[in-house]
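Asks: Starting off with a structure, shown below.
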């Protein structure tokens with residue numbers, strides 16, 4: 001495993017600065033040096049082997065951000081097991097599909113989230129993580145799953161089919177991705193990054209976990225998205241780089257005090273959602289640092305990036321030089337679909353051959369996103385697929401329609417949307433005396449069926 005070997009070599013030559021600093025909500029800190037982190041990977045490798053986890057075993061992870069998250073991920077890679085990454089916010093509809101699709105025989109779950117996975121784990125082994133301590137329930141022997149050769153992880157995403165798809169990501173989906181990312185952002189050895197988005201998101205793994213581990217940067221792990229605490233953390237710990245979604249950057253910029261200075265901050269990186277030219281200028285102006293905007297997908301990231309010190313506001317950057325990319329011809333529009341040669345970074349969707357063949361044409365990955373190229377820079381112009389982004393999270397419009405029907409209250413539903421705004425037109429099965437009360441009940445029912453960020457803002 002080249003990725004694991006390179007991370008191990010980086011850690012062996014790390015230096016005196018910490019690998020990670022975990023900032024806990026009670027104000028305490030855990031400083032992790034290179035030796036501790038390597039030892040933790042060794043410990044977890046032995047633990048997982050003792051529980052019967054072996055090559056090819058699919059292991060869904062339902063755990064919060066912590067310094068143990070990357071250690072768990074890397075320990076699984078060492079024994080050639082396959083981490084399955086899904087969001088903690090998923091509810092019944094998403095979980096039904098993920099467990100039916102991946103058919104896991106073992107799950108790793110934090111103690112705090114154990115109650116959320118009970119209906120799907122009655123007959124499988126559950127390894128329970130609780131602040132560094134481990135226990136288990138169930139005795140089923142872990143068995144290998146059926147994945148494409150070379151699969152390193154399965155990362156669930158959406159394409160508008162109405163259900164999550166398990167993207168089988170190859171080693172180059174991480175190793176080459178970090179190399180591309182670093183060639184544009186140019187983070188410096190010995191500096192620091194702040195990790196605040198869920199590590200189940202490939203953007204976080206590439207930008208805030210594996211890039212620091214491979215390039216000698218300290219990773220500060222914060223366990224809150226409270227904007228004032230994030231700003232205080234950036235200043236107090238002299239953070240150099242922050243990679244996050246534009247919605248968080250905008251919130252931080254709006255709340256950034258006039259008299260506050262963060263002299264350590266060298267660059268902000270925006271990804272995971274659309275950043276308008278107006279917002280780009282506002283964020284850059286408030287922080288007085290360069291904001292590097294880029295574009296990528298779970299299946300392949302980054303696809304485009306702005307080069308440090310020469311980025312262009314309003315664009316998603318240039319096509320990454322290491323990738324073969326093009327924009328399909330369109331007879332009636334300046335924009336076309338963004339296409340990428342994925343080779344061995346994306347190996348198809350787990351158990352979904354038809355969906356895989358839909359998106360892979362002669363080796364070209366059909367992103368389902370629209371853009372156009374001008375003067376060597378790429379401009380994002382919308383989505384072809386029936387998905388929209390809400391705070392950096394993909395919302396499948398067809399899945400929301402299904403969820404509305406499954407409440408039992410809705411006869412017909414049509415869901416539309418734009419960035420950060422999902423709208424549903426519904427016809428109810430039965431007459432109601434109070435529309436307001438009916439909508440409240442509908443939203444309450446939806447919260448048990450799908451993740452909260454997918455619930456339509458307007459109905």
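Asks: Pulled fully out, how much extra length does the chain show between residue 17 and residue 264, if you take 0.36 nm times their separation in residues and subtract their Cα-Cα distance?
Replies: 87.3 nm
Asks: Give the relative contact order (percent, whole number) for the chain; include only Cα pairs under 8 Å separated by 6+ residues.
Replies: 13 percent
Asks: Which stretch or stretches of region 55-75 have amide N atoms under 13 Å from the point lying 7 Å from residue 9's Cα along the Cα→Cβ direction?
Replies: none
Asks: Also, quick follow-up: Taking only Cα atoms of the chain, what ratio of Rg to Rh do you get with Rh as the Kirkwood inverse-distance radius?
Replies: For the chain, the value is 0.95.
Asks: Using alpha-carbon pairs under 8 Å, 6+ residues apart, how would you state the relative contact order of region 334-459 in percent?
Replies: Computed over region 334-459, the figure is 18 percent.
Asks: For a quick protection proxy, order the peptides 426-434, 60-68, 105-113 by their average other-Cβ count within 10 Å, most packed first.
Replies: Most protected by this proxy first, the peptides run 60-68, 105-113, 426-434.
Asks: What spacing in nm lies between the two simple spin-label points modelled at residue 440 and residue 130, each 7 Å away from Cα in the Cβ direction?
Replies: 3.7 nm
Asks: Something else: How do 1, 250 rank when sorted from fewest to most other Cβ atoms within 10 Å of their own Cβ?
Replies: Fewest to most other Cβ atoms nearby, the residues stand as 1, 250.
Asks: Which of the three applies to region 308-374, rounded, prolate or oblate, going by the alpha-carbon gyration tensor with a ≥ b ≥ c and a/c under 1.5 meaning rounded?
Replies: oblate
Asks: Going by C-beta contacts inside 10 Å, put 295, 129 in order with the fewest on the left.
Replies: 129, 295
Asks: Also: Alpha carbon centre of region 269-301 versus region 157-227: separation in Å?
Replies: Going from one Cα centre to the other spans 15 Å.
Asks: For n ≥ 4 DSSP H runs only, could you compute -39500 (n - 2.57) per run for the chain, divide by its residues and tell me the 222 nm figure to the nearest 500?
Replies: -8500 deg cm²/dmol, from helical runs alone.
Asks: For residue 112 and residue 452 in one chain, what is 0.36 nm times their gap in residues minus the Cα-Cα distance, to one decimal in nm?
Replies: 120.6 nm
Asks: Once label points are set 7 Å from the Cα along Cα→Cβ at both residue 137 and residue 326, what is their separation, rounded to one decimal in nm?
Replies: With each label point 7 Å from Cα toward Cβ, the separation is 5.4 nm.
Asks: Rounded to the nearest 5, what % of DSSP beta bridges with both residues in the chain are antiparallel?
Replies: 60 percent
No value in this document is a laboratory result; all are computed from the given coordinates. If you're wondering where the values come from, they're calculated on a predicted model, not measured in any experiment. Note: ideal-geometry Cβ built from the backbone for every residue, glycine included; neighbour counts use all protein chains shown.
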